[in-house]
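The values are calculated or read from the model by the stated rules, or taken from the named source; none is laboratory data. The model shown is predicted, which means the values in this text are computed figures rather than measured ones. With ideal geometry, Cβ positions are generated from the backbone for all residues, glycine too; neighbour counts draw on all protein chains shown.
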Amino acid sequence: MSESDPQSIGFIGTGAIAEAVITGLNLHGDFVGEIFVSQRSEARSRRLSDRFANVGIETDNQSIVDGSQWVFLCVLPEHARDVIQQLDFRNDQTLISLVAAFPVAELAVLAAPVARVHRIIPLPPIEHGVGPLPIYPPNSEIAALFNRCGHALEIDNEDHFSAFSAASSVMAAHHRLTATIAAWIENQGLPPEVAADYASHMVHSLAELETRCSAEELNSLAHDCLTEGGLNEQVMSELQKAGWFEKLTRRLDRIAVRLLAVD
Ligand SMILES: NC(=O)c1ccc[n+]([C@@H]2O[C@H](COP(=O)([O-])OP(=O)(O)OC[C@H]3O[C@@H](n4cnc5c(N)ncnc54)[C@H](OP(=O)(O)O)[C@@H]3O)[C@@H](O)[C@H]2O)c1
């Protein structure tokens, strides 16, 4: 608990990411304030309130807003505008949106007279107290809270913030890559749990190494693993020939265009 933490926070939309954030805040973020969630997503809300004594279930979205110093908007992008238009905010509240492609300027108009509007991009591993969490515009109180259950990055440019949103689109592909390696090991005759154990810990250890690198070191890590005529060189040159890395860059370009088109 930090002195700058709010006494109460509320979640409009109690879906997958709201559950991960609430779990991370409670288990790793040392957050002791009240947390209000929506009755609407009943199974998830009940699971949260059964698990954490500080989670209370409210019957409607306005009650969540009324009881909260900070309000997190966690509904799908296609519902966000309708949902926020129906809510009345006070001028002492902070609105924190998780919704992609919903700019701060538009949120501020729809939530007027709310005092502060911010956007954040938590990722599912926040549940375990890890992962990057960009915040736009910068806010030291939000950063202080989320630095206790992840790695907060305060960003002062909304287009730059959107680049992180685009970059997070590789999550599913990353998991598929790890699962493909595990499945291949399993196909060599190993038990599935052993295969998954090796693949996931290998990927985890490589990511751990990456987080300790400077930008320059990160750039040269792949090269450092290449021994002439070695196994890594063979895989790398075949993937390069197939255009893997250029394709990934082009796909991220397309995602960024999609996000900017809505912003
Ligand atoms: N998942 C991620 O990794 C991630 C990461 C960063 C940001 N985000 C953003 O976070 C938002 C939520 O994503 P999600 O993955 O958590 O989606 P989700 O699991 O589908 O959750 C959305 C929740 O909103 C609820 N909802 C819909 N309309 C509502 C309303 N009028 N009032 C109250 N609740 C309402 C839904 O309830 P019902 O189930 O009853 O319809 C559902 O529980 C999205 O905008 C997404 O872009 C997600």
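Worth pointing out:
- Pick from the stretch 62-114, criterion within 10 Å of the ligand (Cβ to nearest atom) and acidic (Asp, Glu), ranking: farthest from residue 126 (Cα to Cα): 82
- Pairs where the first residue, in the stretch 86-109, is in the same structural domain as residue 63 (by TED's automatic domain parsing) and farther than 11 Å from residue 72 by Cα and the second is small (Gly, Ala, Ser) and within 14 Å of the ligand (Cβ to nearest atom), C-beta under 6 Å, 6+ apart: 100/165; 102/80; 107/97
- Any chance residue 23 is within 20 Å of residue 135 (Cα to Cα) and either at pLDDT below 95 or hydroxyl-bearing (Ser, Thr, Tyr) (or both): yes
- Residues that are farther than 13 Å from residue 10 by Cβ, within 12 Å of the ligand (Cβ to nearest atom) and of a type in the set (Ser, Thr, Tyr), drawn from the stretch 29-58: 41
- Residue 124 vs. criteria under 27 Å from residue 207 (Cα atoms) and crowded, with 21+ Cβ neighbours inside 10 Å: no
- Scanning the stretch 108-135 for residues that are closer than 30 Å to residue 27 by Cα, touching a strand residue (DSSP E or B) at 6+ places or on another chain (Cβ under 8 Å) and assigned to a helix (DSSP H, G or I) turns up just one, 126.
- Take the conditions (1) surrounded by fewer than 18 Cβ atoms within 10 Å (Cβ to Cβ); (2) closer than 15 Å to residue 19 by Cα; (3) among the aliphatic types (A, V, I, L, M); residue 75 misses just one of them, which is (1).
- Single match in 170, 104 (criterion: among the β-branched types (Val, Ile, Thr), under 27 Å from residue 253 (Cβ atoms) and in contact with a strand residue (DSSP E or B) (Cβ under 6 Å, 6 or more places away or on another chain)): 104
- Here the stretch 137-152 is the region considered, the condition is being in a loop (DSSP other than H, G, I, E, B) and more than 14 Å from the chain's Cα centre (by Cα), and the residue that is farthest from residue 2 (Cα to Cα) is 137.
- Selection within the stretch 1-28 - in a helix (DSSP H, G or I), within 12 Å of the ligand (Cβ to nearest atom) and either more than 16 Å from the chain's Cα centre (by Cα) or surrounded by fewer than 16 Cβ atoms within 10 Å (Cβ to Cβ) (or both): 16
- When the helices (runs of 4 or more DSSP H) confined to the stretch 153-227 are screened for residues that are more than 26 Å from residue 136 (Cβ to Cβ) and not polar (S, T, N, Q), those reaching at least 1 such residues are found at 171-187, 192-211, 215-224.
- Yes/no for residue 42 being of a type in the set (D, E, K, R) and buried (at least 16 other Cβ atoms within 10 Å of the Cβ): no
- Selection over the stretch 115-130 of residues that are within 15 Å of the ligand (Cβ to nearest atom) and in contact with a Phe, Trp or Tyr (Cβ under 9 Å, 6 or more places away or on another chain) gives a count of 6.
- Just one of the listed residues (166, 173) is surrounded by 12 or more Cβ atoms within 10 Å (Cβ to Cβ), farther than 30 Å from residue 3 by Cβ and under 18 Å from the mean Cα position of the chain (by Cα), namely 166.
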